[in-house]
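The values are calculated or read from the model by the stated rules, or taken from the named source; none is laboratory data. No experiment lies behind these values; they were computed from the predicted model shown. Note: ideal-geometry Cβ built from the backbone for every residue, glycine included; neighbour counts use all protein chains shown.
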Amino acid sequence: MFSQLFRRLTAHGRRFRHDLLRTRADLRHARDEYHLSRAERPRFVTRIGDLVARYNGVTLYRNRIQWGHEVRSLVGVHASVSEPADRRTESGPVSEVYCLTVTGPDWEWSVHTVAVFSSRKVRAFAALINSHAAAGTGSALADAGS
């Protein structure tokens, strides 16, 4: 009888711990989505026409890209996304950590994003960078040829 009660309490404790970790992850997800949507809002009206997209601290403009205080031209820029890698955080293992790598002629940025940001978003942002870089390179070559 005591062992049966002990097993029930142990199982209940595991379920409670699992529910608590899931709730914390959901709260973190909601907080990160809020901050992401807040970061994607343009701060100054003068930059709205030039702003293309923002993702996890990287801002893409029509003719340049910015990460923090670093601003680079889009000429020769290529973006890629690496496959998920297993990582551990303070709340346990996170199975999907994507790395957005933006490479220029003499520089490289690696931006890590966790599972709360979907892989579709990071891949779409990388494709957007590549398309604007290709368009910028084409227009730069046309300007140089004129």
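Taken across region 128-139, residues that are modelled with pLDDT of 75 or more and in contact with a Ser or Thr (Cβ under 9 Å, 6 or more places away or on another chain) do occur, with at least one present.
Residue count for region 52-69 under the criterion of being without any contact (Cβ under 8 Å) to a residue 60 or more places away in the chain, of a type outside the set (K, R) and either over 16 Å from A133 (Cβ atoms) or assigned to a loop (DSSP other than H, G, I, E, B) (or both): the result is 3.
For region 11-27, the tally of residues that are more than 16 Å from V114 (Cα to Cα) and of a type in the set (G, A, S) stands at 2.
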